[in-house]
Amino acid sequence: MNKVLLSGNEAIARGAYEAGVLVASAYPGTPSTEILENVTRYKEIDASWAPNEKVALEVGIGASFGGARALVTMKHVGVNVAADPLFTLSYTGVRGGLVLVTADDPELHSSQNEQDNRNYAKFVKMPMFEPADSQEALDFTRLGFELSEQFDTPVFLRSTTRISHSKSVVELGERTNDIQEPKLERNAAKLVMLPGNARRRHYDVERRIADLEEWSCTQSFNRIEKGAGKIGVITSGVSYQYVKEVLPEADVLKIGLVYPLPKNLIREFAAAYDELYVVEELDPFIEEQVKAMGIGISGKDKLSLCGELTPGRLKQGMFGDASPSEETSADLPQRPPNMCPGCPHRGVFMELNRAKAYVTGDIGCYTLGFMPPLSAMDTCVCMGASIGNATGISKVLSAEEQRKVVAVIGDSTFLHTGINGLMDMVYNQSASTVIILDNRITAMTGRQENPTSGFTLGDEQTFRVDMEQLCRAVGVKHVVSIDPYNIALTRKTIREEMARPEVSVIITTRPCMLVPRDNLERRTPLYVDHDKCTGCQACLRLGCPAITWDAANKKSNIDKIICTGCQVCQQTCGFDAFQKCGE
């Protein structure tokens, strides 16, 4: 047997390959990103990054309508962006199977909220699988496509950070050939959602959910595992692993299809126990539905609504054990989040701080501009919100205060949803300044390509969006591009554009220092001349990881191994203490 060690994300990619998927589309977002990156290993699948999650889903829908199996992946908040076509897709159904992966992030390891996307399944009326390990991630992905075509429905596959990034043993299978040949097939009554057609399709959706509920009660992914017979636990996903570790003697109803729930199976299981529990992360999604069936059960009275579960937290909730020592790690040096050495955004935020700008921020590695010592971000809500937030704030301020408002957004995020905010800003005659930090990559999620990078997911060279032309096309009269390593120019430009009584856009044009492009400039590292260093610590206000402080000698130092030679520190030093190595 062909067994390998795979992460959940790798297993989902493999499952898509084995299921005969032809098209995969996504917008990168932790913890989902590696799914599509691993899909590129399978040349039979056309895999691509989309500008946002809505477009990714629409690409997948088109492939499905053409008769092909399609995989669409995104993190949990991405489903919010894709919700518009998603709700209607539930009505149209599919031709080729379509699986939408939502990678949730309990504990907010890399997210702005902790939403539980199981609620989307109930809201959209779509079946949802939830794997408990990598083998199930592969199996449920394959099964999702079969279910999609059998019941004429899109299918959710819900992962979480622990499932996406943990590894376990997986048995690989072969790619199926038992799928239909893609071709055009007209069926306007099913696929054109005018009110008359949509009303009829709604009845089909309700019948489908009832059929799925009955069907799921007989499937092995929903199963009863017998223990000592004293207490019963209903659980799913990664929570199942914690239950097996902390409550090894419990009888367990493991649910693989979390929507629709197998209600008859739940009734059968619950009837045998006086003590019955639901163990689940985040919302009481299963618990509320079980209680609505008239079954007495405990759950969130013992476990928190916030954060992810761990064996220690489960033990504490069930038994009151307040010392989960098995989870205590050794004391490690603190590693606060920080922009990389040579990051082209650092100087911009330093100057925004100096200009006392009110900065409406966005989602990206530049969100770290909030952190001290830069401390130059005042709001951050969601992808693309910075520009709309700036417009709204400006509407209620005096003309003098309006000019303090600056929206900061990255290149990928600008194309994701920021462009709409800029159109609104021009159309409704706002007076704010927008800074687009164009580092030619989707940096925070691991340096994925986007339409500003000039390369596709497959590393093929392609058209690169011209940001200046795009901004002028939507009506911005004042667009200027600058090199953010030039601190004097950055300072001058920011203050000039903030003073304008109308919309203006500054585009900073320096690639991310971690992008391995041959044409990127690599500079000579710097060192600190201690004879010139006065110990004023002005350089420390940059927050550059390459600059350290020698408390004994009261001098700054530079780690030449990680210094990229951007020379921003050199320009902030008033004593010429920063010099190029070798000079």
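The values are calculated or read from the model by the stated rules, or taken from the named source; none is laboratory data. Source: prediction; values computed, not measured. FYI the Cβ positions are ideal-geometry reconstructions off the backbone, even for glycines, and counts take in every protein chain you see.
Details
- Matching residues in segment 273-289 - criterion: being β-branched (Val, Ile, Thr) and either assigned to a strand (DSSP E or B) or touching a helix residue (DSSP H, G or I) at 6+ places or on another chain (Cβ under 6 Å) (or both): 278, 279
- Scanning segment 40-68 for residues that are charged (D, E, K, R) and within 20 Å of residue 125 (Cα to Cα) gives 53, 54, 58.
- One residue from 100, 138, 143, 89 being touching a residue at least 12 places away in the same chain (Cβ under 8 Å), of a type in the set (A, V, I, L, M), in a helix (DSSP H, G or I) and touching a Ser or Thr at 6+ places or on another chain (Cβ under 9 Å): 89
- Test: residue in segment 221-236 that is in a helix (DSSP H, G or I) and not β-branched (Val, Ile, Thr): no
- Boolean, residue 546 is surrounded by fewer than 21 Cβ atoms within 10 Å (Cβ to Cβ) and among the aliphatic types (A, V, I, L, M): no
- Criterion (in a strand (DSSP E or B), surrounded by 14 or more Cβ atoms within 10 Å (Cβ to Cβ), touching a strand residue (DSSP E or B) at 6+ places or on another chain (Cβ under 8 Å) and touching a residue at least 24 places away in the same chain (Cβ under 8 Å)) met by exactly one of 243, 252: 252
- Any chance residue 456 is hydroxyl-bearing (Ser, Thr, Tyr), touching a Gly at 6+ places or on another chain (Cβ under 9 Å) and not assigned by TED's automatic domain parsing to the domain that holds residue 42: no
- If you go through segment 248-281 and keep only what is among the hydrophobic types (A, V, I, L, M, F, W, C) and out of contact with any Gly (no Cβ under 8 Å at 6 or more places or on another chain), you end up with 255, 257, 261, 265, 266, 271.
- Residue 218, sole failed condition from (1) touching a residue at least 24 places away in the same chain (Cβ under 8 Å); (2) of a type in the set (Ser, Thr, Tyr); (3) surrounded by fewer than 16 Cβ atoms within 10 Å (Cβ to Cβ): (1)
Every residue, every condition in (1) small (Gly, Ala, Ser); (2) crowded, with 24+ Cβ neighbours inside 10 Å; (3) out of contact with any Cys (no Cβ under 7 Å at 6 or more places or on another chain), yes or no:
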| site | (1), (2), (3) |
| --- | --- |
| 2 | no, no, yes |
| 17 | no, yes, yes |
| 24 | yes, yes, yes |
| 39 | no, yes, yes |
| 42 | no, no, yes |
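- Tally of residues being of a type in the set (S, T, N, Q) and crowded, with 17+ Cβ neighbours inside 10 Å across segment 167-194: 1
- All strands (runs of 3 or more DSSP E) inside segment 474-564 with 1 or more residues being in contact with a Pro (Cβ under 9 Å, 6 or more places away or on another chain) and under 24 Å from residue 338 (Cβ atoms): 504-509, 547-550, 555-558
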